[in-house]
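Below is one structure, written out as structure tokens, with a few remarks after it.
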Amino acid sequence: MVKQYLSELQRVTKVNVSVLGSWNNSKQEKEESLSEFLEDLGTIFSHEPWIQISKEGDSKFWSCSTLQKRSNNHREEEIILVYYDQRKVMLSCLHPPLDTAASTAQEAEDASRLSAIFDTVAKSKVLFMTDKYDDGPIKLTHWQSDGVEASIIVELMKQASVPACMLLTFLLSLISGACKSRMLKFWPLSFLWSKLSTCEQLAHRLQHLQVISSNKKAQNQTQLMRKANIFVSLLIDVALGILLMSWLYRKNRIGHLADTLIPVADHVAEELQDLLQWLMGAPAGLKMNRALDQVLGRFFLYHIHLWISYIHLMSPFIEMILWYVGLSACLGLTVALCILSDILALLTFHIYCFYVYGARLYCLKIYGLSSLWRLFRGKKWNVLRQRVDSCSYDLDQLFIGTLLFTILLFLLPTTALYYLVFTLLRLLVVIVQGLIHLLVDLVDSLPLYSIILRLCRSYRLAAGVKFRVLEQQDGKPLRLLMQINPLSYGSVVQTYRLPTYSCYPKDSWASLCKKLFLGELIYPWKHKGEKQD
């Protein structure tokens, strides 16, 4: 009857079940007939050796013995009893070591054996999560953490989430279709979509919503944790955005911010005018080329005048613009931060223009001087082969090259000073925007659900196990307690970190310094292409 029930159970649950031995939970001394019955069970089931586990009187421990009927070797085997929390091992996920290249073959083999133990226990989860306690001769459930009522609530929530996910998927498909329409692929809209960080963040969050609302079931633990991390990240992001929005609209802070913005812009413009007046004189006692200095100074002063006029023209509408922009905080704190970064970019657009003008003039002189220096050495840059080749020049070419080299060399200090000042101002703006985007990337990529799970239920994220000796006596089996080693917080972040977008070029420090020295634009519109002479 037991064999028939086990075969039926194996067919329903798809879990291989076998009888390894017998156990007796009676606190009284075992009767002789009961002992013989438990030993005779070994003849019914073909497992060798036959394990017998029984309670040791009033002790909290179990005794274990083995019986080998088919083997001629009757020597006593060493027995080790390992106690562990079956529920924790069943619900935990064992993570392999991150540095697999540095691990030895023995460590890899031990990790695979431990992983096999966790997988074996996890496969029996269906036997322990069933609500049938008394059906059949064998109890299938040893524990139930939250009770049947909690399970019913979870199932009702699952059923209610199906139409909500279907509606959200339909809405997201409409939004995604609108974003992929041809209207957004034309020049002005496509340019703004690719350069504004707000649009990039909205597209990133749209992908997250599509992942969450997908009706495709997670195939493994990694996909399940990714969905949970995205959901918690979105939830906290929106909650922080709503808190920010409630703070902005309380006590007319939007109006105070709009009233402060115009004086700040005027003060920045006045400081830039004073800086240009200083550059048009004798900055730090340096003797500049007066004609070029006056031309560049007046050119930049005219741009500042245009910028001040534009700011005062927009001043009646700034409060209304900020009022509507504040409503975007309901989409999340990251969207509000990206809008702040874009507003900062628009408010400092004149500084960016100064930087571009100075960088272009400086870059033109640097590449002109390098080309003329090759002319003196009888070399030239081969555009087709992308290399420096030998070349013979006549006397007229050398004379013209000498004149141009002298002119560019004496005009270089004036241009380099303007370039240096406006590059420092531009770098200051880029650093502020970079800090804002670092905060956005932190909110987007931080696996908050995994961190909370590690904090509240550390056994769910297992890095390994450790053993503690419970009892060690002569004539008795060694008793060990197996405990789960949780994954460290750094490993949790490294394992489950969410991918993010980045609107900044990923340059090394050496590449960045080289671009600054040559006058190439570092952010955000220009990327280095092929070298031209």
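The values are calculated or read from the model by the stated rules, or taken from the named source; none is laboratory data. Predicted model, so just to flag it, every value in this text is computed and none were measured. Positions of Cβ are backbone-derived with ideal geometry, glycine not excepted, and every protein chain shown enters the neighbour counts. What goes into the accessible areas is simple: the full protein's heavy atoms, side chains included, and nothing from ligands, DNA or RNA. Shrake-Rupley method; radii C 1.70, N 1.55, O 1.52, S 1.80 Å.
Quick one: which of Lys3/Lys476; Lys287/Lys365; Lys88/Lys476 span more than 23 angstrom between C-alpha atoms?
The answer is Lys3/Lys476; Lys88/Lys476.
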Query raised in the report: Ordering Arg253, Arg377, Arg298 by how much accessible area each has at a 1.4 Å probe, largest first, what is the list?
Result: Arg298, Arg377, Arg253
Report summary line: Between Thr500 and Asp259, Cβ-based FRET efficiency (R0 35 Å, step 0.05) works out to 0.45
Query raised in the report: For the residue pair Ala282 and Asn24, what label-to-label distance in nm results when each label sits 7 Å from Cα along the Cα-to-beta-carbon direction?
Result: 11.0
Requested in this report: Arrange the residues Asp474, Asp293 by how much accessible surface each exposes, largest first, with a 1.4 angstrom probe.
Outcome: Asp474, Asp293
Query raised in the report: For Met157, Met90, Met245, what's the largest-to-smallest order of accessible area, 1.4 Å probe?
Result: Met157, Met245, Met90
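What's the FRET efficiency of Lys379 with Phe399 using the Cβ-Cβ distance as r and R₀ = 22 Å, to the nearest 0.05?
It comes out at approximately 0.80.
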**Report entry** Nitroxide proxy distance, nm - points 7 Å out along Cα→Cβ at Phe299 and Phe317
**Finding:** 3.0
Query raised in the report: Could you give the alpha-carbon Rg of the stretch 269-319 over 2.2 N^0.38 Å, rounded to two decimals?
Result: 1.44
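Report Rg(Cα)/(2.2 N^0.38 Å) for the stretch 325-442, keeping two decimals.
On the way: Rg = 22.2 Å, N = 118, 2.2 N^0.38 = 13.5 Å.
My calculation over the Cα atoms of the stretch 325-442 gives 1.64.
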Report task. With viscosity set to 0.692 mPa s and temperature to 37 °C, compute the Stokes-Einstein D of the stretch 384-485, Rh being the Kirkwood radius across alpha carbon pairs; µm²/s, no decimals. Result -> 145
